[in-house]
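Worksheet: the structure to be examined is printed underneath.
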Amino acid sequence: MASNTFGNLFTLTTFGESHGAAIGGIIDGCPAGLELDLDAIQQELNRRKPGQSDIVTQRKEPDEVQFLSGIFEGKTTGTSIGFIIHNTNQKSKDYSHNVNVYRPSHADFTYDKKYGHRDYRGGGRTSARETANWVVAGAIAKQLIADISINAFTSSVGEITISKPYQELDFNSIESNSIRCPQTEIAEEMIQHIKEIKKHGDTIGGTITCVAQNIPIGLGEPIFDKLHAQLGKAMLSINAVKGFEYGSGFCGTKMKGSDHNDAFNKDGTTKTNLSGGIQGGVSNGMDIYFRVAFKPVATLIQKQETIDSEGNVVEMQGRGRHDPCVVPRAVPIVEAMTAMVLADFYLMNKTTKI
């Protein structure tokens, strides 16, 4: 299997499966001498880990990261940073009914046809458990670009949507509720809706908005490495993501150019920011903001018709511990992937200037 590495200069290569002994990775390209706050890295993992509330999967994993190399006396050495996260609470028997059955909207069918063999335990390599590795790398990337502020939050669950623009939201309140929505009264509606959906063995989707602030001008490369293109790739790499839009996004298609153009102020800032902080694929110093769409989790605790590996029509029902809505645990993943993209371009920008 190829494509286990993300990034150009700041790179992450990962390994592991959902029900294997461990997951982990190697981070390359991190400059030497960066003093790391290891507690902050673990805190990011705690935000993503399962079992943290009654609206997420109840799998109990401590998700404690152990660094194996590349850090000495609290600072990066400039060499490869190796790390591992042990799996401690696998219940592989919950997937014994999936040995020869293709779960609808999972990767079971495509992986089996592509490789001729698959790990049916929790989806193996296709499991969102892999994203814990991304959060570790993203937490280090955040510390590399510490002047940049990155905040992601739940902006919708099903038909329930926040009613305020991000400029009017208090990002300090994102972690005040289990859904990670900074508009408190809307957050409670979202939580209750997820609980009701869960009662019926069903799932629901939603969106996450991410805002990056204090961005230096010049991040991004022309043509095929545009900043928004790499952000889009990063977001669409996350499990269950079905869409990505930045700035005005699809709403911009309904506007006239005279309304959509961002007029300049004398200092180079813009009066509006429908460009989403990116023009020509390069950051212009304004806030970068984008929205990521997540589908309903594909595993349902109710009966569904599907096929087995012999092409027979069969009936199946999901078992085990699953998220009724992936959005709250995906918030730190969105932040992590954003940080890795920005850190990568930060390093590239340094190499293109004399």
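Annotations
- With respect to (1) modelled with pLDDT under 95; (2) surrounded by fewer than 18 Cβ atoms within 10 Å (Cβ to Cβ); (3) out of contact with any Gly (no Cβ under 7 Å at 6 or more places or on another chain); (4) among the hydrophobic types (A, V, I, L, M, F, W, C), the lone exception for Met255 is condition (1).
- Residue within region 36-54 that is surrounded by 17 or more Cβ atoms within 10 Å (Cβ to Cβ), at pLDDT below 95 and of a type in the set (Asp, Glu) present: no
- The requirement of being over 24 Å from Ala146 (Cβ atoms) and either at pLDDT below 95 or not hydroxyl-bearing (Ser, Thr, Tyr) (or both) is fulfilled somewhere in region 215-223, by at least one residue.
- When Phe244, Phe250, Phe290, Phe264 are screened for being over 29 Å from Met190 (Cα atoms) and not acidic (Asp, Glu), only Phe264 passes.
- Criterion: exposed (fewer than 14 other Cβ atoms within 10 Å of the Cβ), out of contact with any Ser or Thr (no Cβ under 7 Å at 6 or more places or on another chain), in a loop (DSSP other than H, G, I, E, B) and at pLDDT 95 or above - qualifying residue of Lys266, Lys242, Lys353: Lys266
- Among residues of region 104-141, those that are in contact (Cβ under 8 Å) with a residue 40 or more places away in the chain, assigned to a loop (DSSP other than H, G, I, E, B) and farther than 19 Å from Ile238 by Cα, counted: 2
- Region 269-296 residues that are within 30 Å of Pro104 (Cα to Cα) and at pLDDT 95 or above, paired with ones that are of a type in the set (D, E, K, R) and in a loop (DSSP other than H, G, I, E, B) (beta carbon under 6 Å, 6 or more apart): none
- Test: Leu231 is in a loop (DSSP other than H, G, I, E, B) and under 25 Å from Thr269 (Cβ atoms): no
- Considering residues of region 268-319 that are over 30 Å from Ala212 (Cα atoms) and among the basic types (Lys, Arg) only, the residue farthest from the chain's Cα centre (by Cα): Lys303
- When the residues of region 142-165 are filtered to those that are hydrophobic (A, V, I, L, M, F, W, C) and assigned to a strand (DSSP E or B), the one that is farthest from Ala187 (Cα to Cα) is Ile150.
- Which numbered condition Glu221 misses (of (1) over 30 Å from Gly318 (Cα atoms); (2) touching a residue at least 40 places away in the same chain (Cβ under 8 Å); (3) of a type in the set (D, E, K, R); (4) in a helix (DSSP H, G or I)): (4)
- Region 301-319: number of residues that are in contact with an Asp or Glu (Cβ under 6 Å, 6 or more places away or on another chain) and crowded, with 17+ Cβ neighbours inside 10 Å: 0
- Per the conditions (1) surrounded by 20 or more Cβ atoms within 10 Å (Cβ to Cβ); (2) over 24 Å from Arg121 (Cβ atoms), the sole criterion not satisfied by Ala32 is (1).
- Hits in region 31-56 (condition: more than 18 Å from Asp344 (Cα to Cα), small (Gly, Ala, Ser), in contact (Cβ under 8 Å) with a residue 24 or more places away in the chain and part of a loop (DSSP other than H, G, I, E, B)): Ser53
- Residues of region 57-67 classified as touching a strand residue (DSSP E or B) at 6+ places or on another chain (Cβ under 8 Å), without any contact (Cβ under 8 Å) to a residue 40 or more places away in the chain and not in a strand (DSSP E or B), total: 1
- Flag for Arg180 being within 19 Å of the chain's Cα centre (by Cα) and either touching a residue at least 24 places away in the same chain (Cβ under 8 Å) or farther than 30 Å from Asn349 by Cβ (or both): yes
Residue-wise test of (1) surrounded by 18 or more Cβ atoms within 10 Å (Cβ to Cβ); (2) of a type in the set (Val, Ile, Thr).
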| residue | (1), (2) |
| --- | --- |
| Ile197 | yes, yes |
| His200 | no, no |
| Ile223 | no, yes |
| Leu231 | yes, no |
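The values are calculated or read from the model by the stated rules, or taken from the named source; none is laboratory data. Treat the numbers as computed from the prediction; the structure is a model and nothing was measured. As a convention, Cβ positions derive from the backbone with ideal geometry for all residues, glycine included, and neighbour counts pool all protein chains shown.
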